[in-house]
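This report concerns only the one structure given below.
The values are calculated or read from the model by the stated rules, or taken from the named source; none is laboratory data. Small disclaimer: the values here were computed from a predicted structure and weren't measured. SASA here: full protein model, heavy atoms, side chains in, ligands and nucleic acids out. Shrake-Rupley method; radii C 1.70, N 1.55, O 1.52, S 1.80 Å.
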Amino acid sequence: MSDTCIFCRIVAGTIPATIVASSDTAMAFRDLSPQAPVHVLVIPRRHTASLADAVDAAELGAVLALAAEVARIEGVAESGYRVVTNAGPEGGQTVSHLHLHVLGGRQMHWPPG
Ligand code: AMP
């Protein structure tokens, strides 16, 4: 846990978030600035700065599994959805705690910006 990390503070419950799902290993909550009708962030509870720093395959699997569960909960598992992680400055990462964006509820386009 990092006291300065906003997502660690959400895990600790010291700043509010709208929780969609959680497990022993991971948490899912709504993005503050949604880019699609469904926009949920899925994070490991344990602080990891980005995918570049991830070393625990079981933890990554749990995060990915929770992303799939979020898609079911949000009703987009059948229609389709996108899971994205931004890593590092050129990847567009702005919060240094590994997170998957689960986006759905509208047509996604490729390539992303
Ligand atoms: P990224 O740019 O990939 O690092 O994504 C960070 C995401 O975190 C952005 O989509 C922000 O809107 C979102 N975000 C930042 N602070 C919060 C917060 N307190 N609660 C929920 N989402 C947040």
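Solvent-accessible area of the chain (1.4 angstrom probe, protein heavy atoms only): carbon and sulfur portion equals 54 percent. A viscosity of 1.567 mPa s and a temperature of 4 °C, combined with the Kirkwood radius over Cα pairs in Stokes-Einstein, give a translational diffusion coefficient for segment 1-49 of 116 µm²/s. Rolling a 1.4 angstrom probe over the protein heavy atoms with all chains in place gives the chain an accessible area of 58 Å² per residue.
Stokes-Einstein diffusion for segment 6-104, with the hydrodynamic radius set to the Kirkwood value over Cα pairs and evaluated at 20 °C in a medium of 1.002 mPa s, equals 160 µm²/s.
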